[in-house]
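Read through the structure below, which is laid out as structure tokens, and then see the notes.
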Amino acid sequence: MASKQINPTRMELNRLKKKLATATKGHKLLKDKRDELMRQFMDLVRENMELRKKVEAGIQAANTNFVVAKAGMSEEILHEALMAPKQEVYIEAGKKNIMSVNVPTFDVKTRTADANDIYSYGFAFTSADLDGAVKSLADILPEMMKLAEREKACQLMAIEIEKTRRRVNALEHVIIPEAQQNIRFISMKLAENERSTNVRLLKVQDMLLEKKIQEA
């Protein structure tokens, strides 16, 4: 049933038809956006799973090397070797737009470009296992940043997908059906008014004709 506040006029009918056309077009665009978001979201989820496996394997390898290094070195020498880092790492944060969703980007920068600066100690009193552990952590850091990017992107895109889904449902199940119903209501009212006007005109014509006949 149409809303009681609807004014059954041709101006209102034209307004509702324009609203329906806009809502229909917006519904199609939002559905396309939702489908594309879902496609890119699934790609990100798969990439995120692969990165997580890689990062977890790298961290596990580094922990194993640290345990072995700790077993083969005194605790004092180990602490002294790692006490004063030689290399410094910076994270530059940015953002990029994916289907109107601003997702973060992280870029790993080091103070120097020398790959050997990750070792803050000499090699005379330390084991090769410690070198492997430090190298494993240094290698896995960029992958950890990528993983952080993908996980945050997945979270933000999931929120946007839910928002888009709600808008699609609102247009599909509320706004468009309501506009269609109101258009039918006004069209019926206008047709009914037109029939009533025609009936009145016919009665007036009959009355005028009857009056002419009587006068004749």
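The values are calculated or read from the model by the stated rules, or taken from the named source; none is laboratory data. Source: prediction; values computed, not measured. Neighbour counts run over all protein chains shown; Cβ positions are idealised from the backbone, glycine included. Accessible surface is based on the protein model in full, side chains and every heavy atom, while ligands, DNA and RNA are left aside. Shrake-Rupley method; radii C 1.70, N 1.55, O 1.52, S 1.80 Å.
Observations
- The mean accessible area for residues of region 1-114, using a 1.4 Å probe and ignoring ligands and nucleic acids, is 73 Å² per residue.
- For the residue pairs 33/95; 189/211; 31/54; 17/203; 25/189; 95/135, the C-alpha atoms sit more than 31 angstrom apart in 189/211; 31/54; 17/203.
- Within the chain, helix-based [θ] at 222 nm, where runs of 4 or more DSSP H residues each add -39,500 (n - 2.57), nearest 500: -26500 deg cm²/dmol
- Considering only 37, 72, 179, the residue lying farthest towards the positive end of the dipole of region 10-209 is 179, judged by Cα position with unit charges set on Cβ.
- Extension gain from residue 63 to residue 114, taking 0.36 nm per residue of separation minus the Cα-Cα distance: 15.9 nm
- Take residue 120: with every protein chain present and a 1.4 Å probe, its accessible area is about 40 Å².
- Computed from point charges on the beta carbon alone (+1 for Lys and Arg, -1 for Asp and Glu), the dipole magnitude for region 1-159 about its Cα centre is near 2260 Debye.
- Comparing 105, 26, 59 along the charge dipole axis of the chain, the residue lying farthest to the positive side is 26, per the Cβ-charge model.
- Coil-residue trypsin sites (Lys or Arg not before Pro) of region 51-111, DSSP, other Cβ within 10 Å capped at 14: 86, 111
- Pairwise label distance in nanometres, residue 46 with residue 15, each label 7 Å out on the Cα-Cβ vector: 5.0 nm
- Virtual spin-label span in nm between residue 174 and residue 96, 7 Å along Cα→Cβ: 3.6 nm
- Rolling a 1.4 angstrom probe over the chain with all protein chains present gives an accessible area of which 57% lies on carbon and sulfur atoms.
- Calculated log₁₀ intensity ratio I(q)/I(0) where the Debye formula runs over C-alpha points of the chain, q = 0.10, 0.11 Å⁻¹: -0.72, -0.78
- Net dipole in debye of region 150-216 [+1 Lys, Arg Cβ; -1 Asp, Glu Cβ; about Cα centre; nearest 20]: 220 debye
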